[in-house]
Amino acid sequence: MAFERRANDDAWSEALLSAALIDDGYEVWGLWSGGGAELRAAAVLAYLPFDAELQSICVLPEERRHGLARELLGWIMRRAGERGAERLLLELRASNVAARRLYEGAGFGIDGQRRGYYRQDDGSNEDALLMSRALTE
C-alpha cells in the first residue's frame, strides 16, 4: 500500500487491492528494480466478458519519464489479448495529459467522457475520459 500511495493520487484502499490479488477476474502486475528490491510500477487489470479494463497503472514519481508505464502497458495489452479480451478499456482524469499521451501513443482512442466523475480536494469535480483500444484484428 505504501507504493500505491506514493505512486498514485487516487490510491486504491488496502481492501480493494487485497481483493484484486485473490480474485480470478483480476490480475495485478508490477515492474521491480533490477535486484527485485523495490516495486517501480504496477497495474491492475480486470477481466470482463469480451473485454479487459485497465483499472490502475502507476509509476513511482522518481521513476517517471523512463518508459516504465509504456513497457507495462504493452505487456498488459499482450496479456489481455492472450486471455481472449477483444478490447482494453480505461478511464483517466481529463487533466492527466501525460497519461493521455501514453494511451494515444499506444493506439487508444477516446470513446466518451463522464462529466464531473472525479471529486477534487477543493470540492470541485473533474471529468473522466473513457478510452479503448482493440486487441484483436
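Here, each number is a calculation from the coordinates, and none is a lab measurement. Being a predicted model, the structure only gives us computed values, none of them experimental.
Assuming 0.36 nm per residue, please report the length gained on full extension of the stretch Ser33 to Leu48 beyond their Cα-Cα distance.
Extra length available between Ser33 and Leu48 comes to 2.3 nm.
Once you wrap a convex hull around the alpha carbon atoms of segment 28-137, what is its projected area averaged over all directions, in nm²?
Averaged projected hull area, Cα only: 7.9 nm².
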